[in-house]
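The values are calculated or read from the model by the stated rules, or taken from the named source; none is laboratory data. As the structure is a prediction and not an experimental result, all values here were calculated from the model. Glycine also receives a Cβ, built like all others from the backbone with ideal geometry; neighbour counts cover every protein chain displayed.
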Amino acid sequence: MSDAPVTRQEGREKGDPYELETPIPAPVLALVAAMVAFGMAYILAAAPDQRPELGDQRTLADLAAAPGAKAGAAKADGAAIYAARCAACHQASGLGLPGVFPPLAGSEWVNGKPELLASILLHGVQGRITVKGLAFDGVMPAFKDQLDDESLAAVASYARAQWGNAGAPIPAGTVASVREKTASRDTPWQGDAELAAVK
């Protein structure tokens, strides 16, 4: 320790702070304890009636087929698949992004032959494609390894019924048939050049 005299400036300084025996106020400790006790009681008293893997608060009853639904009707949720897989590029409005991602609203590709749309969804598109008279040059991913026939049919049918489109629903059998016919294909369609033959 130094024997140097204390200066006036040092004399004005306050001492270092220190904690008393109970640094956290008792009311705060009581509140935290009460919250922990409530949380434990709530968890123990809860009786969840749904599978946690569903993840979106729907019960099994919500997912059951509606009364009178046709046998073999698509059970996949086309709107949910679109929101998860397509909306980032084509937007929730179906209008796409000008000059970047083509619109699905009023698209001749969406409203055209069911086999054409199934082919695009299965294998994707790369290169220049013309939609509603405007050219787009980008890449659409293939979904053949990510989605089954029923899911692809559901999202295709969803797109054909939204944003003013009036295409008929696409059955899963159509997607399955196109998948089988184009099974040897391992590259995306090369834009208008290749898709014109399918169109």
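Observations on the structure shown:
- Among the residues of this structure, A105 does not count as one that is within 27 Å of S184 (Cα to Cα) and at pLDDT 85 or above.
- Taken over region 74-95, the residue count meeting the criterion of being outside any helix (DSSP H, G or I) and free of Cβ contacts under 8 Å to residues at least 12 places away in the same chain is 2.
- Residues of region 76-101 classified as more than 12 Å from the chain's Cα centre (by Cα), within 13 Å of Q162 (Cα to Cα) and of a type outside the set (G, A, S), total: 2
- Considering residues of region 108-122 that are among the charged types (D, E, K, R) and within 14 Å of P171 (Cβ to Cβ) only, the residue modelled with the highest pLDDT: E115
- All conditions in (1) at pLDDT 85 or above; (2) within 19 Å of I81 (Cα to Cα) hold for G167, with the sole exception of (1).
- Condition met for A159 (at pLDDT below 85 and either surrounded by fewer than 16 Cβ atoms within 10 Å (Cβ to Cβ) or out of contact with any Pro (no Cβ under 8 Å at 6 or more places or on another chain) (or both)): no
- Close pairs (9 angstrom Cβ cut-off, 6 or more residues apart or separate chains): part of a loop (DSSP other than H, G, I, E, B) in region 1-24, at pLDDT 75 or above anywhere: T22/L29; I24/V32
For (1) under 12 Å from G78 (Cβ atoms); (2) without any contact (Cβ under 8 Å) to a residue 24 or more places away in the chain; (3) in contact with a Pro (Cβ under 9 Å, 6 or more places away or on another chain); (4) surrounded by 15 or more Cβ atoms within 10 Å (Cβ to Cβ), each residue gets a yes or a no:
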site: V155; (1), (2), (3), (4): yes, no, no, yes
site: N165; (1), (2), (3), (4): no, no, no, yes
site: S177; (1), (2), (3), (4): no, no, no, yes
site: S184; (1), (2), (3), (4): no, yes, no, no
site: T187; (1), (2), (3), (4): no, no, no, no
site: A193; (1), (2), (3), (4): no, no, no, no
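- In region 138-151 there is at least one residue matching the filter, namely being outside any strand (DSSP E or B), in contact with a Phe, Trp or Tyr (Cβ under 9 Å, 6 or more places away or on another chain) and either surrounded by 19 or more Cβ atoms within 10 Å (Cβ to Cβ) or in contact (Cβ under 8 Å) with a residue 24 or more places away in the chain (or both).
- Breaking point among (1) at pLDDT below 85; (2) touching an Asp or Glu at 6+ places or on another chain (Cβ under 8 Å), for L134: (2)
- Odd one out for L29 among (1) part of a loop (DSSP other than H, G, I, E, B); (2) at pLDDT 75 or above; (3) surrounded by 11 or more Cβ atoms within 10 Å (Cβ to Cβ): (1)
- Going through (1) under 18 Å from C86 (Cβ atoms); (2) surrounded by fewer than 16 Cβ atoms within 10 Å (Cβ to Cβ); (3) under 25 Å from the mean Cα position of the chain (by Cα) one by one, K132 falls short only on (3).
- Some residue of region 51-62 being modelled with pLDDT of 75 or more and β-branched (V, I, T): no
- Any chance M1 is at pLDDT 75 or above and out of contact with any Leu (no Cβ under 9 Å at 6 or more places or on another chain): no
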